[in-house]
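Report on the structure given below.
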Amino acid sequence: MKADLHCHTTMSDGSLGLEETIAQAKRYGIDYFAITDHDTLSSSSRAVVLGERYGVNVIPAVEFSTYDSKYGTKAHIICYNPEKPNRLEGLCLRTCELRKKRGKQMAMKVIEKYPITLESILRYATGSKVIFKCHIMHALMDYGYTTDLYGKVYDELFNPATGLCAEEVSTDMQDYPEVHFVLELIHSAGGVAVLAHPAVFDNFELLEELAAAGKIDGVEVWHQSATEEQRERLLKTAGEHNLITTGGSDFHGFYNHYPIAIGTNYTPDDSLQRILKRKIK
């Protein structure tokens with residue numbers, strides 16, 4: 001079975017709409033697919049229906065942004081296949097409201113520097129209703145201020161130390177819910193909790209602590225951010241604690257930092273079955 005369990009759409013910071021993304025998964029011969037938009041489950045029901053139409057098995061999922069206070073860093077937790085998704089709605093709404101506020105603040109700062117309109121940015125945020133950095137950059141590209149989504153202008157605006165929006169970028173994680181709270185909430189909703197791309201935020205020690213305490217169900221091993229050595233470390237931790245091991249493209253379409261197509265990474269069949277059956281241990 002081909003299972004790509006990490007993908008984003010215009011419901012968060014992806015460039016392709018929900019149906020177009022699922023149709024593309026079908027073209028790639030994907031059997032099981034998870035739409036893991038950031039902090040929202042609003043498209044899950046429609047995604048499942050569209051998946052049935054296109055012959056793709058869609059697993060309801062959401063990627064939560066969390067804060068690890070011990071190590072002072074972000075950690076992304078993907079919740080798969082929750083039995084009671086309504087228990088997650090409050091958290092999704094709260095985090096999205098924080099994102100909306102921060103996105104608007106960044107947009108207004110950029111508009112003061114570059115004479116573009118707020119509407120030119122919002123046109124790219126119609127699906128998510130949240131302004132992400134990629135939406136601001138897309139608008140700047142439209143008006144000829146840059147030809148690169150991630151380059152000199154992006155760094156000038158969003159470098160967490162020196163950028164125009166450094167305050168918003170550098171402090172955003174402290175507004176996110178604590179990782180332990182999110183894990184408890186996911187389990188109360190009957191979901192499977194997987195630590196996404198540990199290499200991105202250097203969450204290796206966090207993973208080992210959570211695994212030893214029995215608080216995490218799985219880890220995303222096959223992701224382009226991890227080196228071979230890091231993947232071996234993740235597999236070792238997973239083997240020691242019987243964790244689910246997943247893989248996914250982390251597809252964002254045009255908004256990817258580097259070329260990544262759907263189906264770049266896959267989840268092994270045994271882990272897929274554990275997610276489908278919610279067989280955590």
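Here are the numbers:
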quantity: Antiparallel bridge percentage (DSSP; both residues within the chain; nearest 5); calculated: 45
quantity: Gaussian network model of the chain, Cα within-10 Å springs - most flexible of 216, 30, 111; calculated: 111
quantity: Magnitude of the charge dipole, the chain, Cβ model with Lys/Arg +1 and Asp/Glu -1, debye to 20; calculated: 700
quantity: Degrees separating the helix 133-142 axis from the principal Cα axis of the chain, which is the longest one; calculated: 40
quantity: Farthest positive-ward along region 95-173 dipole, Cα basis, beta-carbon charges - from 122, 153, 163; calculated: 122
quantity: Amide H within-cut-off set for residue 246, under 5 Å, with H built and near neighbours excluded; calculated: 219, 220, 221, 222
quantity: Cross-link pairs 74/104; 74/152; 104/133; 2/74; 74/277; 113/133 - those with Cα-Cα distance over 19 Å; calculated: 74/104; 74/152; 2/74; 74/277
quantity: Per-q log10 I(q)/I(0), the chain, q = 0.08, 0.11, 0.12, 0.15 Å⁻¹ (Debye; single scatterer per alpha-carbon; no solvent); calculated: -0.32, -0.61, -0.73, -1.16
quantity: Karplus 3J(HN,Hα) series, Hz, for region 25-41 with 6.51 cos²θ - 1.76 cosθ + 1.60 (x for Gly, Pro); calculated: 4, 4, 4, 7, x, 6, 8, 10, 9, 10, 8, 10, 4, 5, 6, 8, 10
quantity: Taking 33, 132, 201 and counting other C-beta atoms within 10 Å, the order from fewest to most; calculated: 201, 132, 33
quantity: Relative contact order (percent, whole number), the chain, Cα cutoff 8 Å, 6+ residue spacing; calculated: 24
quantity: Residue of 198, 268, 160 that the Gaussian network model of the chain assigns the largest fluctuation, springs spanning Cα pairs under 10 Å; calculated: 160
quantity: Angle between the chain longest axis and helix 44-54 axis [Cα atoms, degrees, rounded to 10]; calculated: 80
quantity: Dipole of the chain, positive direction: furthest Cα of 75, 24, 248, with charges on the beta-carbon; calculated: 24
quantity: Most mobile of 181, 254, 64 in a GNM of the chain (Cα contacts under 10 Å); calculated: 181
quantity: √(5λ) per eigenvalue of the Cα gyration tensor, region 173-281, largest first, Å; calculated: 21, 17, 15
quantity: Folded to 0 to 90 degrees: helix 89-113 orientation relative to the chain principal axis, Cα; calculated: 30
quantity: D (Stokes-Einstein, µm²/s), Kirkwood Cα radius, region 89-158, 1.567 mPa s at 4 °C; calculated: 104
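The numbers here are math on the coordinates, done by the rules we state, and not lab data. Keep in mind it's a predicted model, so treat the numbers as computed, not measured. Cβ atoms come from the backbone with ideal geometry, glycine included; neighbour counts cover every protein chain shown.
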